[in-house]
Amino acid sequence: MRPLSCVATLLAFLWGPVPAVAAPLEMQAVNDAQWTQRPTAKGRIAPMMIKAQVLLDRARFSPGEIDGKSGENFSKALKAFTSHLGLNSTGQVTEEAWRELTSASSEPVLIEHTITDEDVRGPFVQSIPKKLELMKDLPALGYTSAREKIAEKFHMSQDLLQTLNPGEKFDAADHKIVVTNVATGDLRARVTRIEVDKSSKVVKAFGRDQRLLAVYPATIGSAEKSAPSGQLTVTGVSKNPTYRYNPKYEFKGVRATKPFTIKPGPNNPVGVIWIGLSSEGYGIHGTPDPSKVSKTQSHGCIRLTNWDALSLASATAKGTLVDFTGDQEAHRMASQQARRKK
């Protein structure tokens, strides 16, 4: 791999400032990363953090978007992983947690990938409008670039993908690039129950005998429109759904007085998956902006990254129970957020 420093100036000109890193991001350095007690500086990409995030993703304790930085979603995933093993759950990478993570899989966390014709196949959308009313005029809500498409394929932030591949434009097939070696395929068993924890902003998938299958970070409701309470059921699973806006939802910033439909695509407001629930207008779905999962608010639904939504949907069928927990704490947190915005 080429050192980041050799092309930093060029990258800054072409794509903006390169994310700060704690060490040169050569593939072998990340694959060989070892535990250190020294904390990673906030906002900095570190080899150990990339490795830990990939290993959590592979173990189905999703850190959300893999960006190589410490953050809330990473801490939640690590806490869920260590708690599941009966270890002290601090949300920090302890030596014991590192040992458990690295012993779970011996495969390298970064691998080479040859860009395929499918990776660079569009059509790509030049830009995605921010307002729902403007989205309805697009023929599809596709990716904006091959870089976005490849980053999502490997559960990565576009910044991390670019940092691992300095100078690469990701627009030509047969180029070799470095990517994360993440979880692939369906969940290992059928989901019998989904738990949506509104206070911790996580979704848990359980199989038979309450066996934990996966944990995902999630955006769950808002002060404007809270998520449901109690127990619902899954009414159906739709891949590449359209999005239909109903004026009775009265979303803030939407002025439409008549219903309208937004075409399918990964940048559709509900992403690539819709898991319908037995309460009108509510569902578990993907998102066009994976970096904001569990960090912003939703219009009452449960929002996951597109890849996590696909993972959950792969083993979820009509009639699956969905339990909503953490109502009181979630209400308190939403009220605090609403007051801060005033």
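The values are calculated or read from the model by the stated rules, or taken from the named source; none is laboratory data. Not measured: the values here are computed from a predicted model. Every residue, glycine as well, gets a Cβ built from its backbone with ideal geometry; the counts of neighbours run over all protein chains shown. Ligands, DNA and RNA are excluded from the accessible area calculation, which covers all protein heavy atoms including side chains. Shrake-Rupley method; radii C 1.70, N 1.55, O 1.52, S 1.80 Å.
Taking a virtual spin label 7 Å from the Cα of Arg190 along the C-beta vector, which residues in region 230-273 bring their backbone nitrogen under 11 Å of it?
The answer is none.
Compute the relative contact order of region 139-230 as a whole-number percentage, counting only Cα pairs closer than 8 Å that sit 6 or more residues apart in sequence.
Details: 89 pairs, mean separation 14.6, N = 92.
It comes to 16 percent, rounded to a whole number.
How big is the C-alpha Rg of region 159-302 next to the rule-of-thumb value 2.2 N^0.38 Å, as a ratio?
Values: Rg = 17.9 Å, N = 144, 2.2 N^0.38 = 14.5 Å.
Output field value: 1.23.
Would you work out if region 102-191 is rounded, prolate or oblate? Take a ≥ b ≥ c from the square roots of the eigenvalues of the alpha-carbon gyration tensor; rounded if a/c is under 1.5, else prolate when a/b is larger than b/c, oblate otherwise. Provide the component values of the computation, followed by the final result.
Numbers: a/c = 2.28, a/b = 1.43, b/c = 1.60.
Oblate, because a/c is 1.5 or more while a/b does not exceed b/c.
Looking only at Cα atoms, what is the convex hull volume of the chain per residue, in Å³?
Values: hull volume 50.5 nm³, N = 342.
So the per-residue hull volume is 148 Å³.
Taking a quarter of the surface of the convex hull around the Cα atoms of region 152-238, what do you get in nm²? It would help to have the intermediate numbers written out before the result.
Values: hull surface 36.8 nm².
So the mean shadow area of the Cα hull is 9.2 nm².
So for the chain, taking the charge dipole from beta-carbon charges (+1 Lys/Arg, -1 Asp/Glu), which of Ala256, Ile275, Gly64 sits furthest toward the positive end?
Ala256
With 10 Å bins from zero, work out the P(r) of region 27-125 over every alpha carbon pair and list the percent per bin.
15, 46, 25, 11, 3
Could you derive backbone 3J(HN,Hα) for region 120-133 from the dihedral phi with the Karplus parameters 6.51, -1.76 and 1.60 (θ = phi - 60°), listing whole Hz in sequence and x where the residue is Gly or Pro?
9, 7, x, x, 9, 8, 4, 7, 9, x, 7, 8, 4, 4
How high is the relative contact order of the chain? Use alpha-carbon pairs under 8 Å, at least six apart in sequence, and give a whole percent.
Details: 714 pairs, mean separation 58.6, N = 342.
17 percent.
How big is the dipole moment of region 24-100 about its Cα centre under a simple scheme where the beta carbon of each Lys and Arg is +1, that of each Asp and Glu is -1, and everything else is neutral? Debye, nearest 20, please. Display every interim value, and only then the final one.
Details: 10 positive and 9 negative charges, 33 e Å.
Once rounded to the nearest 20, the dipole reads 160 debye.
If amide hydrogens are placed 1.01 Å from N in the peptide plane, which non-local residues have theirs closer than 5 Å to the one on Gly91?
Close amide H contacts, sequence-distant or interchain: Lys79.
Using only helices, what value at 222 nm comes out for the chain when you add -39,500 (n - 2.57) per DSSP H run of length 4 or more and divide by the total residues, to the nearest 500 deg cm²/dmol?
About -7500 deg cm²/dmol.
Based on the alpha-carbon gyration tensor of region 210-255, what equivalent-ellipsoid semi-axes (square roots of 5 times the eigenvalues) come out, in whole Å, largest first? Numbers along the way, then the final one.
Details: eigenvalues 133, 54, 28 Å².
Semi-axes, largest first: 26, 16, 12 Å.
Taking 7 Å along the Cα-to-C-beta vector as the label spot, tell me the Thr235-Leu134 distance in nanometres, rounded to one decimal.
Distance between label points: 3.2 nm.
Given a 1.4 Å probe and every protein chain left where it sits, what share in percent of the accessible area of region 109-223 is carbon and sulfur?
On the way: 2460 of 5240 Å².
For region 109-223, the apolar C and S fraction of the accessible surface comes to 47 percent.
So what is Rg over Rh here for region 71-117, counting just Cα atoms and using Kirkwood for Rh?
On the way: Rg = 14.0 Å, Rh = 12.2 Å.
Looking at region 71-117, the ratio lands at 1.15.
Express in nm, to one decimal, how much length is gained between Ser314 and Ser83 on full extension, taking 0.36 nm for each residue of separation and deducting their alpha carbon distance. Spell out each step's value before the answer.
Numbers: separation 231, 0.36 × 231 = 83.16 nm, distance 2.51 nm.
Stretched fully, the Ser314-Ser83 segment lengthens by 80.7 nm.
Can you give the longest run of the chain that contains no GluC sites (Glu not before Pro) sitting in a DSSP loop with at most 10 other Cβ atoms inside 10 Å? Numbers along the way, then the final one.
On the way: sites that count: Glu250, Glu280.
No qualifying site falls inside 1-249, the longest such stretch.
Within a Cβ distance under 12 Å of Val215, other residues only, what is the Lys/Arg minus Asp/Glu net charge?
Charge balance in the 12 Å sphere: +1.
Evaluate the relative contact order of region 178-226 (contact order divided by residue number), counting alpha-carbon pairs under 8 angstrom at least 6 apart; express in whole percent.
Values: 60 pairs, mean separation 13.3, N = 49.
Reported relative contact order: 27 percent.
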